[in-house]
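Colleague: I'd like to ask some things about the structure below.
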Amino acid sequence: MAESLKKAFVIGHPIAHSRSPKIHGHWLAAHGIAGNYQAIDVAPQDLSAFIGAMGKNGLRGGNVTIPHKEAVFALVGRLDTAAEAIGAVNTLWFEDGMLCGGNTDAYGFAANLDEHAPHWVANGPALVLGAGGAARAVVHALKIRGVKDIRIVNRTLARAVELRDRFGAGVSAHPQAAVPDLLGDCGLLVNTTSVGMAGKGEGGLPADPSRLPDRAVVTDIVYVPLETPLLAAARRRGLKVVDGLGMLLHQAAPGFERWFGVRPEVTASLRALIVADLGAAA
Ligand code: ATR
C-alpha cells in the first residue's frame, strides 16, 4: 500500500550527483523495507516551504547537503549536540511530532577511522587542514573522542582562529607556512580542504606527508578521486591512509535507522557499489 511506504530524502542544490540514494537504496533492498529515498533539488528560496510541508507530504526525514546545512538549523524544533557544536544539520527526523536536526558527519568521520585505523585516537597530535564546515565536523569528532592536541591550519588564518575559539581547550590555529614544523610529531593528518578534489584545478598537495612520523595516519574527506594526491603521496611514503568514502557511508547509517527502524551496516558490498558508481561517473 502506498500509505505504508516509508519515505525519506536528500535535499541540496544542485543534488543530481549525490550518492546518498544509492547508499540508502542498497540498505532498503538488503533489509527488505518498503521504503523510498529520493534526491530532491530544493532551491534556497524554497527551503523553508519544503521543510514545513515534510509531515504533510508523508516524509519521515532526510539528509541535508550544500547549500542548506546551515540554513536548516533555524527551521527545526530541536537540535542534537553534534549539530549544535558544528553549527550545521545534515539529518532530519521527527520525534514526538517535533522536527529534529542532527549532524552525523563527525560520527561518520570517527567511525571511518575506527574501521580502518583503530589506533587513531591514541596516535598523538592531529593536524586538520582547512577551516570550513567539514573542518568543524572533524574538530568536533576529534574533541569528543579525546584527541588532546588539535592543530588547525588554514589558508585564511582568521577562519582557523575562529574555529579554535569555537572549540576551545586543546585546539590551536596556525598559518599555512607553519605546516612543515607542525607535521613532525603528528599522529593524524586530515585534509578537509578542496585541494586535490577532482574538478578543482590541479590541486596538488595540501601538505607534504613525507614530514610525518612513521606511525601517522593520513585521511582525506575528499572521495573524488578516491585516492587523492595527498593519500597517494602518503601511501608511497609507507603511511596508513584512509580514504574519504568511508565517512560518507558511515554518516548515512544513523539517519537510515531513524527513518526506517533498522541500523544498517557499512559492508564491503556497499562500498564496492559506490566505488563502481564513482568510477562510472569519472
Ligand atoms: P567545506 O564546508 O566543504 O569545508 P568551505 O567552507 O568552502 O567548504 O571550506 C573549504 C576549505 O578549503 C577552506 O578551509 C578553504 O580555505 P579558505 O578558508 O582560505 O578559503 C580551503 N581551500 C580551498 N581551496 C584552497 C586552496 N587552493 N589552498 C588552500 N586551501 C584551500
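The values are calculated or read from the model by the stated rules, or taken from the named source; none is laboratory data. Everything quoted here is computed from the prediction, not taken from an experiment. We place every Cβ from the backbone using ideal geometry, glycine too, and count neighbours over all the protein chains shown.
Colleague: Looking only at segment 103-117, filter to residues that are without any contact (Cβ under 8 Å) to a residue 40 or more places away in the chain and within 14 Å of the ligand (Cβ to nearest atom); which one of those is surrounded by the fewest Cβ atoms within 10 Å (Cβ to Cβ)?
Modeller: Across segment 103-117, the extreme among qualifying residues is ALA106.
Colleague: Which residues, taken from segment 47-95, are over 15 Å from VAL10 (Cβ atoms), without any contact (Cβ under 8 Å) to a residue 60 or more places away in the chain and either charged (D, E, K, R) or part of a strand (DSSP E or B) (or both)?
Modeller: LYS56, ARG78, LEU79, ASP80, GLU84, PHE94, GLU95
Colleague: Hey, another quick one. Which one is nearest to VAL217 (Cα to Cα) among residues in segment 239-282 that are of a type outside the set (A, V, I, L, M) and touching a Lys or Arg at 6+ places or on another chain (Cβ under 7 Å)?
Modeller: So the first thing to find is which residues in segment 239-282 are of a type outside the set (A, V, I, L, M), and the list is 240, 243-244, 246, 250-251, 254-261, 263-265, 267, 269, 271, 277, 279.
Now restrict to residues that are touching a Lys or Arg at 6+ places or on another chain (Cβ under 7 Å): 257, 259-260, 277.
Values: GLU257: 30, TRP259: 34, PHE260: 35, ASP277: 27 Å.
Restricting to residues being of a type outside the set (A, V, I, L, M) and touching a Lys or Arg at 6+ places or on another chain (Cβ under 7 Å), the top hit is ASP277.
Colleague: Tell me the residue from ILE23, ILE40, ILE15 that is at pLDDT 95 or above, in contact with an Asp or Glu (Cβ under 6 Å, 6 or more places away or on another chain) and of a type in the set (A, V, I, L, M, F, W, C), please. Let's see the steps before the verdict.
Modeller: Working: ILE23 fails: in contact with an Asp or Glu (Cβ under 6 Å, 6 or more places away or on another chain); ILE40 fails: in contact with an Asp or Glu (Cβ under 6 Å, 6 or more places away or on another chain).
Exactly one of ILE23, ILE40, ILE15 is at pLDDT 95 or above, in contact with an Asp or Glu (Cβ under 6 Å, 6 or more places away or on another chain) and of a type in the set (A, V, I, L, M, F, W, C), namely ILE15.
Colleague: Return the only residue of LEU230, LEU182 being outside any loop (DSSP other than H, G, I, E, B), under 19 Å from the mean Cα position of the chain (by Cα) and more than 29 Å from GLY101 (Cα to Cα). First the steps, then the outcome.
Modeller: On the way: LEU182 fails: under 19 Å from the mean Cα position of the chain (by Cα).
One residue alone meets the criteria, LEU230.
Conditions tested, residue by residue: (1) more than 17 Å from VAL217 (Cα to Cα); (2) within 15 Å of the ligand (Cβ to nearest atom); (3) modelled with pLDDT of 95 or more.
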position	(1), (2), (3)
HIS119	no, no, yes
GLY124	no, no, no
LYS148	no, no, yes
ILE152	no, yes, yes
THR156	yes, yes, yes
ALA160	yes, yes, yes
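Colleague: Quick one: in segment 174-195, of everything that is closer than 25 Å to LEU245 by Cα and either small (Gly, Ala, Ser) or surrounded by fewer than 17 Cβ atoms within 10 Å (Cβ to Cβ) (or both), which residue is farthest from the ligand (Cβ to nearest atom)?
Modeller: Here the residue is GLY187.
Colleague: Does ASP214 qualify as being over 22 Å from the mean Cα position of the chain (by Cα), surrounded by fewer than 23 Cβ atoms within 10 Å (Cβ to Cβ) and at pLDDT 95 or above? Don't jump to the end; show me each part of the working.
Modeller: Details: over 22 Å from the mean Cα position of the chain (by Cα): yes; surrounded by fewer than 23 Cβ atoms within 10 Å (Cβ to Cβ): yes; at pLDDT 95 or above: yes.
Spelling it out, ASP214 is indeed over 22 Å from the mean Cα position of the chain (by Cα), surrounded by fewer than 23 Cβ atoms within 10 Å (Cβ to Cβ) and at pLDDT 95 or above.
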